[in-house]
Amino acid sequence: MTTEIAPRPYPVRVEGELDAQLSRWIWIFKWLLAIPHYIVLFFLGIAFFVVSVIAFFAILFTGRYPRGLFDFNVGVMRWGWRVGFYSYYALGTDRYPPFTLAPVDDYPARLEIPYPERLSRGLVLVKWWLLAIPQFIVIGFFHSGAVWVGGRTGGAAVAYTGGLNALLVLFFGVVLLFTGRKQRELFNFNVGMNRWTLRVVSYAALMRDEYPPFRLSD
């Protein structure tokens, strides 16, 4: 008799809950409504890269990711995921995203990454490029390869667009527009692609040593 062992949950937790009610048409204008967030996230993405460079050297010499810098980068990823969930990564909610790096427990899109007390000083040299190459190929298919992982030492959390994810979100929106019906299976698949992407971003941005799993689920 064999016992099945369930896969261990990956420490990067990405959640998205589909709203019970979605407007048929408001998604068409979300690119406009989200412009203030896009402007803020542009500058936060630059800061994310700078922080990741600093963290690279901190981990290389001390084996630790400075806690304040880690919390900031998690906040950038969290903010980016909320905006993406509201807009064109999932169209999962019509509730406008809050302007904050902090967690918002009652918002339907959530992201958490537990702080690692120690990180490998050796892995920091190769995980953001060499070890992550197979993952980059997969998420490139999801998002047309437009994932910015930044220079040679860090990454960004908010610059991925296009590809299969965009195509399915468009289909989701068109069906919603003409029928008022939500394609839950399609939505779950889109959230899974974004979950996979954010796990890879966190790994390439040096935030965890655990290799991201090749799966859409938690």
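Expressed as an acute angle from 0 to 90° and rounded to the nearest 10, what is the orientation of the C-alpha long axis of helix 67-86 relative to the principal long axis of the chain?
The two axes meet at around 20 degrees.
Helix-only estimate, please: 222 nm mean residue ellipticity of the chain, summing -39500 (n - 2.57) across DSSP H runs of length 4 or more and dividing by its residues, to the nearest 500.
Here the helix-only value at 222 nm equals -15500 deg cm²/dmol.
In whole angstrom, and with the biggest value first, how far do the Cα coordinates of segment 23-204 range along each principal axis?
57, 32, 24
Against the longest alpha carbon principal axis of the chain, how many degrees, from 0 to 90 and to the nearest 10, is the axis of helix 163-179 turned?
Roughly 20 degrees between the two axes.
Can you list the equivalent-ellipsoid semi-axes of segment 1-112, largest first and in whole Å, using the square root of 5 times each Cα gyration tensor eigenvalue?
They are 29, 24, 10 Å, listed from largest to smallest.
For Cα pairs less than 8 Å apart in space and 6+ apart in sequence, what is the mean separation divided by the residue count of the chain, i.e. the relative contact order in percent?
28
Given labels modelled 7 Å from the Cα in the Cβ direction, how far is it in nm from Phe57 to Arg181?
Result for the modelled spin labels: 5.8 nm.
Calculate the dipole size of segment 23-204 relative to its Cα centre from +1 charges on Lys and Arg beta carbons and -1 charges on Asp and Glu beta carbons; express the result in debye to the nearest 20.
I would put it at about 160 debye.
No lab work stands behind these numbers, since they all come straight from the coordinates. Source: prediction; values computed, not measured. When we count neighbours, we look across all protein chains shown, and the Cβ atoms used for this are built from the backbone with ideal geometry, even at glycine.
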